[in-house]
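Working notes, beginning with the structure itself.
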Amino acid sequence: MNEPEEDTAQTVHAAAERYRNWGRWGPDDQRGTLNFITPDKVLEAASLVRRGDVVSLALPFDATGPQTGELGRVNPLHTMTFTGTDAAAGVQDFLPHGFGAADDTITMPLQCGTQWDGLSHIFDRGRMWNGYPATDVTGLDGARRNGIEQVADGFVSRGVLLDLARHCGLSSLDPGFAITERLLLECIDAQGESARIGRGDIVLVRTGFLGARRRDGWGDYAGGDAPGLSFDTADWLYRTEIAAIATDTWGVEVRPNELADSFQPLHQVMVPNMGLFVGEIFALDDLAARCAGDGVYDFLFVAPPLPVTGAVGSPANPQAIR
């Protein structure tokens, strides 16, 4: 796709209105597509635990992460406030009879590592999810609507891994590789019945890009060119009624973005209009190897956010339980 700026705006706005879910779950809703996860869906997901095999999908939160300062995002700063050397030196005099302790703090953007975008993270023409005004996100309170704390009990469902890199016979898809609906469907067919997508599922898309950059150096992983979802997947994302989508890339959608003079146009459709939750920087290589080993691509998926009041996103430590 390579459209003039005016045509790009028309394309994005038309898709936003076509796939808009505002009011679908009532005028006060702040959960978006997580409403597709019902108690029966959670029970279905729990039944997928067969061996008790648990896989963390989180990148370590430390100074070696991918951030470069793009969009003001930096890697975590971990600081010790009490240490074992303090205890050994006897300077923790407030602790009696030889008792010692260590304590620490962390300073970081909430979206610098494995994380969920909240429904207050992206705006479309001054509105966020369910039509709430962008002005409901303030410097004083953060997100007065659609804060990540609204879904503190969310992200427990059937997870499905779509291993696009393996399906294409590659260790990693190249930057600029656009994953189309057709390719998603081909991958599902190739992986078989356990990869079928249903309402309320949480879909994980592996491009191999995070693993490649961890091995070879982050470079411009954070904010640079990357493989990802094509803008044309908007219809599939809407039609399947999934609860969330996550990838092993910084921005989920293909970069450079396909539409001329645009920045993350699929986000503009997914987050404020569909109410679809988006996960980024998920470490999927270990899970992919296990799924390929036994041919089973679905699992119990658990990845609640930190309930930071008013936050527009949150770190997560997602677990695939097989």
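Some observations on this one:
- Matching residues in segment 205-250 - criterion: being β-branched (V, I, T) and open to solvent by less than 10 Å² (accessible area, probe 1.4 Å): V205, T207, T233, I242, I245, T247, T249
- Selection within segment 31-69 - β-branched (V, I, T) and under 30 Å from P109 (Cα atoms): T33, I37, V54, V55, T64, T68
- Among helices (runs of 4 or more DSSP H) entirely within segment 1-117, having at least 1 residues that are in contact (Cβ under 8 Å) with a residue 40 or more places away in the chain and β-branched (V, I, T) singles out 5-18, 39-46.
- Number of positions in segment 312-322 that are open to solvent by 10 Å² or more (accessible area, probe 1.4 Å) and aliphatic (A, V, I, L, M): 2
- G198 vs. criteria on the phi > 0 side of the Ramachandran plot and open to solvent by 10 Å² or more (accessible area, probe 1.4 Å): no
- Inside segment 176-192, residues that are of a type in the set (S, T, N, Q) and buried (at least 20 other Cβ atoms within 10 Å of the Cβ) make up a count of 1.
- Candidates in segment 200-231 are the residues that are assigned to a strand (DSSP E or B) and among the small types (G, A, S); of these, the one that is farthest from L287 (Cα to Cα) is A226.
- Criterion: touching a helix residue (DSSP H, G or I) at 6+ places or on another chain (Cβ under 9 Å), touching a residue at least 60 places away in the same chain (Cβ under 8 Å) and open to solvent by 10 Å² or more (accessible area, probe 1.4 Å) - qualifying residue of A288, A283: A283
- Top-ranked residue in segment 145-170 [being assigned to a loop (DSSP other than H, G, I, E, B) and within 30 Å of A212 (Cα to Cα); ranked as most open to solvent (accessible area, probe 1.4 Å)]: L170
- Selection status of L173, at pLDDT 95 or above, under 15 Å from the mean Cα position of the chain (by Cα) and open to solvent by less than 10 Å² (accessible area, probe 1.4 Å): no
- Some residue of segment 121-144 being open to solvent by less than 70 Å² (accessible area, probe 1.4 Å), among the polar types (S, T, N, Q) and over 22 Å from A316 (Cα atoms): yes
The values are calculated or read from the model by the stated rules, or taken from the named source; none is laboratory data. Because the structure is a prediction, the values reported are computed rather than measured. Here the Cβ is made from the backbone with ideal geometry for all residues, glycine too, and neighbour counts use every protein chain on show. To get the accessible areas, we keep the full protein, side chains included, count just its heavy atoms, and leave off ligands, DNA and RNA. Shrake-Rupley method; radii C 1.70, N 1.55, O 1.52, S 1.80 Å.
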